[in-house]
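Have a look at the structure below, then the notes.
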Amino acid sequence: MGHGYKMLGFAVIIVLYVVVGVMAALGTIWINRKFLTGKQEQIFYGIFMIGMAAFYLAFTAYFEADTAWRVETLAVAVFATMGLLGVRLPVALIIGYPLHGLWDFVHELQAHGVHAGFEAGQLTAIPLAYGFFCAAYDFSVAVYFYMRRDEWNAAWKAAPQRGR
């Protein structure tokens with residue numbers, strides 16, 4: 001089979017992973033809205049961002065990308081900080097998740113020979129089309145966070161005391 005079939009196959013994989021990423025985001029949103037209060041939901045998404053970022057350290061170890069540890073650890077630290085800030089400040093999640101999606105996409109580009117500002121080996125490898133899945137998920141939930149930001153901010157305001 002020729003290069004055209006390979007590209008067609010890859011395009012189908014991309015579409016599938018993007019659809020699955022959006023569906024995963026919708027499922028996450030639905031479950032969290034059903035079982036968590038606004039404040040708990042915001043805390044969950046902040047902590048979840050830390051876990052998502054840590055996947056890159058797992059990939060670095062699994063793919064034995066010794067030259068990627070420094071850059072990946074720095075990125076995880078940045079996203080963990082955004083996640084911790086996002087526990088209290090919705091804007092950190094609104095900004096952090098799309099930045100994480102872009103980070104995923106940069107890895108996807110490098111996996112396909114486009115260095116996107118990084119030398120070969122500075123970033124770890126990722127599974128095929130993982131960057132597309134994550135970017136779709138990250139951008140989808142960021143839109144949701146933007147829509148929920150006022151409710152999340154209100155959830156942190158203290159309830160007025162009665163009878164005092």
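Where a number appears in this text, it was derived from the coordinates with a stated rule and is not lab data. Just so we're clear, the structure is a prediction, and the values are computed from it rather than from any experiment. Glycine gets a Cβ as well: all are built from the backbone with ideal geometry, and neighbour counts include every protein chain shown.
Among the DSSP helices (H) of the chain, those spanning at least 30 angstrom by Cα along their long axis with an average Kyte-Doolittle hydropathy of 0.5 or more are 3-35, 38-62, 90-111; this is a geometric and hydropathy rule only. Only helices enter this figure: runs of n ≥ 4 DSSP H residues, each worth -39500 (n - 2.57), summed and divided by the residues of the chain, yield -27000 deg cm²/dmol at 222 nm to the nearest 500.
Here the relative contact order of the chain, from alpha carbon pairs under 8 Å that lie six or more residues apart, stands at 32 percent.
Could the peptides 65-77, 7-19 be put in order, highest first, of the mean number of other beta-carbon atoms found within 10 Å of their residues?
Packing order, densest peptide first, comes out as 65-77, 7-19.
Spin-label pair residue 8-residue 69: with each label point 7 Å from Cα along the Cα-Cβ axis, the two points sit 4.5 nm from one another. Cross-link partners for residue 39 among the aspartates and glutamates, with Cα-Cα distance under 20 Å and sequence neighbours closer than 8 places in the same chain left out: 138, 150, 151.
Shape call for the stretch 3-155 from the C-alpha gyration tensor, a ≥ b ≥ c root eigenvalues: rounded (a/c under 1.5), prolate (a/b greater than b/c) or oblate? It is oblate, given that a/c is not under 1.5 and a/b is not larger than b/c.
Please report the net charge: other residues with Cβ closer than 15 Å to the Cβ of residue 38, K and R +1, D and E -1. Write out the running numbers ahead of the final one.
Values: positive: 33, 34, 39, 88, 148, 149, 157; negative: 41, 150, 151.
That works out to +4.
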